Amino acid sequence: MPNTLPDKMHIKNLSFEEIADYISKNNVQAFRAKQIYEWIWKKRCVSFNEMTNIPAPFREKLHSEFLCNAIQSFDEYVSTDGTRKYAFHLSGGNIIESVLIPSGSRVTACISTQVGCALACGFCATGSLGFIRNLDAAEIHDQIIMLMNFAKEKYQTELDNIVVMGMGEPMLNYKNTMAALDKISAKEFLNFSPQRITISTSGVVDGIKQMADEDRPYPLAVSLHSAIENKRKAMMPVAKKYPLLKLTEALTYYVAKTHHRITIEYILFDKINDAMEDAEALAMFCRNFPVKINIIPYNSTSTSIYHKSRPENTKKFVDFLKNKNIIVNLRTSKGGDIQAACGQLAQKQRNT
Ligand code: SAH
Ligand code: SF4
């Protein structure tokens, strides 16, 4: 499906110089350029109506010529645990989902980079949609701006962390994902600390190497789920293209270049990857580079054949890794009652 943003140019795609140029061509006072730029990038404005110090007729003109927000409308779902899921409606009728997850006084935003996903992991609801389209950079950064504003409005706080763990595989939409995250983190734009934006990949080696070559500051998380080749391939078709040896090489290269610690994500499934031989293989895999392991509880999806690991097996698995002096966090799941937990994002598409 083609990318169907309307013909109007998105104002956030203009540089400051381009805004100043537009202002001067329209015979408007030069200082308006700075005001508009501040509304967009400092005050996180999502509608021209908010620009109250700009004269109304000029706001109208801007509205008729530019887009101020790539998100057209949204639905909100609130979990009993305080998690909020947003279904964002994009132009062309596609819908993506993003989540705000409060934890103590901190709030994390989980964002999407694609509508659907081509990689078809058997345990993931997004994978069951198939690939529909990439988000463009504006759709990614406007999603974050909306979530920053919602965090302020709903939890009276600024966002603490952003995780690129919603719908889609960020490494398969590399250029747009990086362009958006660069806007979010650059000092002259939103100035959000890049060390607090984690990118999660299912193990797309080319993207990992590119992040290393470009010395990207964003922490990297890798969804491993098994360090035993055949098991990984059975769960994650992407592992056929990028087997464990290639993944190990790419991660070694990444660590040598960036000196970052990698987060390994591991969902524990009953009788599939939660036995002692699986823990041993995982510990061996992790000897290659500095890592932290996040053990993720499995969240069921309507089409899945997988089940959550039993508590006693989960405990044995985690204790084994801890005894090897590996940093392990057992994550808790949030937002399950509104289908907002990891791997449950799969809003039905209107026009597809
Ligand atoms: N495509 C990227 C990022 C999006 S998925 C990736 O795969 O890493 C984000 C995380 O959610 C991944 O670790 C993924 O394995 C995990 N996940 C997918 N389905 C899940 C489920 N049903 N329960 C728990 N975690 C899930
Ligand atoms: Fe795609 Fe990640 Fe879901 Fe796999 S887990 S289908 S890579 S979004």
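Output the residues belonging to region 36-54 that are free of Cβ contacts under 8 Å to residues at least 40 places away in the same chain, open to solvent by less than 40 Å² (accessible area, probe 1.4 Å) and in a helix (DSSP H, G or I).
Those that are free of Cβ contacts under 8 Å to residues at least 40 places away in the same chain, open to solvent by less than 40 Å² (accessible area, probe 1.4 Å) and in a helix (DSSP H, G or I): I36, Y37, W39, I40, F48.
So which of S79, S91, S73, S103 is more than 16 Å from ligand 2 (Cβ to nearest atom) and touching a Pro at 6+ places or on another chain (Cβ under 7 Å)?
S91
Quickly run through region 126-163 and pick out the residues that are within 16 Å of ligand 2 (Cβ to nearest atom) and among the aliphatic types (A, V, I, L, M).
Matches in region 126-163: L129, I132, L135, I140, V163.
Between residues in region 222-235 that are at pLDDT below 95 and residues that are open to solvent by 20 Å² or more (accessible area, probe 1.4 Å) and assigned to a helix (DSSP H, G or I), which pairs lie under 9 Å by C-beta distance while being six or more apart or on different chains?
As it stands, the answer is none, since no pair meets every condition given.
Hey, can you tell me all the residues within region 292-306 that are among the aliphatic types (A, V, I, L, M), open to solvent by 10 Å² or more (accessible area, probe 1.4 Å) and within 30 Å of K257 (Cα to Cα)?
Selection gives I296 alone.
Can you tell me which of A125, A118 is modelled with pLDDT under 95 and over 14 Å from the mean Cα position of the chain (by Cα)?
The unique qualifying residue is A125.
Tell me, please, whether a residue that is hydrophobic (A, V, I, L, M, F, W, C) and on the phi > 0 side of the Ramachandran plot can be found in region 116-130.
Yes, there is a match, as at least one residue in region 116-130 is hydrophobic (A, V, I, L, M, F, W, C) and on the phi > 0 side of the Ramachandran plot.
Of the residues Y266, Y298, Y254, Y306, which single one is more than 22 Å from C124 (Cβ to Cβ) and of a type in the set (F, W, Y)?
Step by step, each of Y266, Y298, Y254, Y306 is checked, and only Y254 is more than 22 Å from C124 (Cβ to Cβ) and of a type in the set (F, W, Y).
Could you list, in sequence order, the residues of region 296-312 that are part of a strand (DSSP E or B) and away from ligand 2 (no atom under 16 Å from the Cβ)?
Listed by number, the list holds a single entry, K308.
Within region 161-201, take every residue that is under 18 Å from A151 (Cβ atoms), of a type in the set (G, A, S) and within 16 Å of ligand 1 (Cβ to nearest atom) and give me the one that is surrounded by the most Cβ atoms within 10 Å (Cβ to Cβ).
A180
Restricting to region 264-291, and then to whatever is open to solvent by 50 Å² or more (accessible area, probe 1.4 Å) and out of contact with any Lys or Arg (no Cβ under 6 Å at 6 or more places or on another chain), can you tell me which residue is modelled with the lowest pLDDT?
Ranking the qualifying residues of region 264-291, first place goes to N288.
Somewhere in region 313-326, is a residue more than 16 Å from ligand 2 (Cβ to nearest atom), more than 26 Å from the chain's Cα centre (by Cα) and among the hydroxyl-bearing types (S, T, Y)?
Yes: region 313-326 contains one or more residues that are more than 16 Å from ligand 2 (Cβ to nearest atom), more than 26 Å from the chain's Cα centre (by Cα) and among the hydroxyl-bearing types (S, T, Y).
Name the helices (runs of 4 or more DSSP H) wholly within region 109-219 that hold at least 2 residues that are within 29 Å of T248 (Cα to Cα)?
Hits in region 109-219: 125-129, 174-185, 205-213.
Please count how many residues of region 307-324 are in contact with a Phe, Trp or Tyr (Cβ under 8 Å, 6 or more places away or on another chain) and surrounded by fewer than 20 Cβ atoms within 10 Å (Cβ to Cβ).
Count: 2.
The values are calculated or read from the model by the stated rules, or taken from the named source; none is laboratory data. Predicted model only: the values in this text are computed from it and were never measured. For neighbour counting, all protein chains shown are included, and Cβ atoms are generated from backbone atoms with ideal geometry for every residue, glycine included. What goes into the accessible areas is simple: the full protein's heavy atoms, side chains included, and nothing from ligands, DNA or RNA. Shrake-Rupley method; radii C 1.70, N 1.55, O 1.52, S 1.80 Å.
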